[in-house]
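The values are calculated or read from the model by the stated rules, or taken from the named source; none is laboratory data. Small disclaimer: the values here were computed from a predicted structure and weren't measured. Cβ sites come from the backbone with ideal geometry, for glycine too, and all protein chains shown count toward neighbours.
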Amino acid sequence: MHLPRALLLLLLPLLLPLSGACARRANSSINDAAPPVVEDCAVWDNPRLTRRLDLLTGSVEREGNRAELLIDGVSAFPRRYQNSADAELIFVKTFIFYEDEAGQAVAKLLSERAQAGAEVWFQYDQKGSIRGPEDVQNMLTFADDERLLGELPLVRKMREAGVHIIASNPVRRAKGIVRWGEFVDDWTEARDQDRSVRILPRFDHEKYWITLNPLPDGDRELRVILGGLNIASEYAYGGTAQQDAVTGRNGWRDTDIELRGPITNDVVSRYLDLIEIHTSERLLPGERGRLNPVQGPKGAAKARFVWNHPILGNKRRIERLYNELIDATPDGAPIKIATAYFAPGRRITRPLYRAARDKNALTVITNSTESVDMWFVTSASRHEYRRLSRINPALGLYEWLPQPEEGWFTLHSKQAAFGSCGPVIVGSANLDAQSSEHNSESVVVVRDAQLRADFDQMFEADLGEGRVARVDPAELGRVGPIERLKELTIYTLMWYWLDGGAGAGPGFGGGGRL
């Protein structure tokens, strides 16, 4: 039986103001004793595992790919510009598009490429790109008979330059757009008010930067960049000391991946499907072949593209992916997870608990209260950290520390790796209810020795001195009952609300939708 929503709503305002005792952090940034390496390479070639992943995720593993990590905006944004310089086709999709320095640079690039004759498509989540009332007023200035609520000035400039614009998740009514702008403003300026913790709408959260580039031999090469980076200066300036002059924001820690080879056809097919969904029009016969030419081998990497889209009735493929890969990891082998928001549901917590009991070298990095952009998520993360540490106090559970001078204020990456030489996940999906229940999301799973070595090096760097603090299991256990109730309430509300009341997080029983 579920706890009534009315009771939850009554409890939350009482619990949120309580400061509680936060678990103290140990000085050590890494485990004192490194676990023995478990040789598990053969596990990931098991045909049975491949068939299960095919079935549960609706995807196919493609061979013959090239994959490269793009660490922070300092790497990811220049690669976008480089790939676009001679591209004959550019597909861009973003959750956030801000009219800051990075947004202006991207709008200029795409407009210039369109005017030079390239075919350029730009999808953005309209709600996700509204920073507050000022943006709303700017949008309404450009209202016309076709776009009754207008659009951002930079978006209008791109449209006038010949860029094909698709505004997904649009606000439908003038009253609604004004209220949304006010809500975003309140969220940003007054996060400690209980009104900020409310059901969030569905977001078009996937991020792609796709180019079709002519090669000297006459071939046409698709290059796909996907991951966590939106189009705004906090993403573009990640890994640098640069600060945006418009918003004053510093860079964030984030990760993208660039793909070439047969896997790119799966990603572009997804993009073309989204064009049809958002325009309610079918592409003309032959258009898919022109826009998505078949790609030959480019390297040795095996890659799988997995996506969620709740409106299409597909919510949990990415959860199932994590579940299977965690369960496939042999006892004692490492599992490495870094995610902006760590409040997973049962499909992931159950295998994580099993892994903790089996003495897996589980390491999780998520945001601290000081670095997170949605403050209440840290309480939900602490709830799960406590459960995991009770099972195995030796687990490496870490919180990210703000480092604005390095361009790493908030941790925004969504990445994981399994076993000693197993697959790497990079994408847009966090391990929380919003990503599982409401957002469209996508990830790529890559098996490649060089990419895995690069991932491990990146992950170890993120565990370095000054970047993270290890959460002390003893202090987690000494947190008082009021603070624990607060954490449980917030964690459960994240799942209860976002799951429409049909399912509940651990502690409420039932809830088959988790």
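Out of the residues in segment 305-322 meeting the condition of being assigned to a helix (DSSP H, G or I) and touching a residue at least 60 places away in the same chain (Cβ under 8 Å), tell me which one is nearest to residue 460 (Cα to Cα). First the steps, then the outcome.
The first filter runs over segment 305-322 and keeps only residues assigned to a helix (DSSP H, G or I), leaving 310-312, 317-322.
Checking the rest, the ones that are also touching a residue at least 60 places away in the same chain (Cβ under 8 Å) come to 310-311, 317-322.
Details: 310: 34, 311: 38, 317: 28, 318: 25, 319: 25, 320: 26, 321: 24, 322: 21 Å.
Ranking the candidates gives 322 first.
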Legend entry - Unmet requirement for residue 136, which otherwise passes all of (1) among the β-branched types (Val, Ile, Thr); (2) at pLDDT below 95; (3) under 15 Å from residue 231 (Cα atoms): (3)
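What helices (runs of 4 or more DSSP H) lie completely within segment 1-94 and have 1 or more residues being at pLDDT 85 or above and among the aliphatic types (A, V, I, L, M)? Talk me through it step by step, then tell me what you get.
Values: elements: 5-15, 47-57, 73-84.
Counting at least 1 such residues, we get 47-57, 73-84.
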Legend entry - Residue list for segment 340-365, filter: without any contact (Cβ under 8 Å) to a residue 60 or more places away in the chain and outside any loop (DSSP other than H, G, I, E, B): 350, 351, 352, 353, 354, 355, 356, 357, 362, 364
Inset, instruction - Kindly indicate whether residue 423 is outside the structural domain of residue 226 (by TED's automatic domain parsing), out of contact with any strand residue (DSSP E or B) (no Cβ under 7 Å at 6 or more places or on another chain) and on the phi < 0 side of the Ramachandran plot. - result: no
Inset, instruction - Considering only segment 415-514, give the helices (runs of 4 or more DSSP H) lying wholly within it that have at least 2 residues that are at pLDDT 95 or above, under 24 Å from the mean Cα position of the chain (by Cα) and surrounded by fewer than 18 Cβ atoms within 10 Å (Cβ to Cβ). - result: 449-462
Legend entry - Every residue from segment 133-169 that is in contact (Cβ under 8 Å) with a residue 24 or more places away in the chain, surrounded by fewer than 21 Cβ atoms within 10 Å (Cβ to Cβ) and touching a Ser or Thr at 6+ places or on another chain (Cβ under 7 Å): 157, 161, 166
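From the residues in segment 320-353 that are of a type in the set (D, E, K, R) and in contact with a Pro (Cβ under 8 Å, 6 or more places away or on another chain), which one is farthest from residue 445 (Cα to Cα)? Even if it seems obvious, please write down each step before you answer.
Step one: list which residues in segment 320-353 are of a type in the set (D, E, K, R), which gives 320, 324, 327, 331, 336, 346-347, 350.
Applying the additional criterion that residues be in contact with a Pro (Cβ under 8 Å, 6 or more places away or on another chain) yields 327, 346.
Working: 327: 16, 346: 21 Å.
Checked segment 320-353; the qualifying residue farthest from residue 445 (Cα to Cα) is 346.
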Legend entry - Breaking point among (1) in contact with a helix residue (DSSP H, G or I) (Cβ under 7 Å, 6 or more places away or on another chain); (2) part of a strand (DSSP E or B); (3) of a type in the set (A, V, I, L, M, F, W, C), for residue 337: (1)
Legend entry - Lone unmet requirement of (1) surrounded by fewer than 16 Cβ atoms within 10 Å (Cβ to Cβ); (2) in a helix (DSSP H, G or I); (3) touching a Lys or Arg at 6+ places or on another chain (Cβ under 8 Å) for residue 104: (3)
Inset, instruction - Consider residue 369 carefully, then state whether it is in contact with a Ser or Thr (Cβ under 6 Å, 6 or more places away or on another chain), touching a residue at least 12 places away in the same chain (Cβ under 8 Å) and more than 25 Å from residue 256 (Cβ to Cβ). - result: yes
Inset, instruction - State all residues of segment 292-314 that are under 24 Å from residue 169 (Cα atoms) and touching a Leu at 6+ places or on another chain (Cβ under 8 Å); if no residue qualifies, say none. - result: 306
Legend entry - Index of the failed condition, residue 263 passing every other in (1) touching a strand residue (DSSP E or B) at 6+ places or on another chain (Cβ under 6 Å); (2) surrounded by fewer than 19 Cβ atoms within 10 Å (Cβ to Cβ); (3) modelled with pLDDT of 95 or more: (2)
Legend entry - Conditions (1) within 14 Å of residue 337 (Cα to Cα); (2) surrounded by fewer than 24 Cβ atoms within 10 Å (Cβ to Cβ): number failed by residue 411: (2)
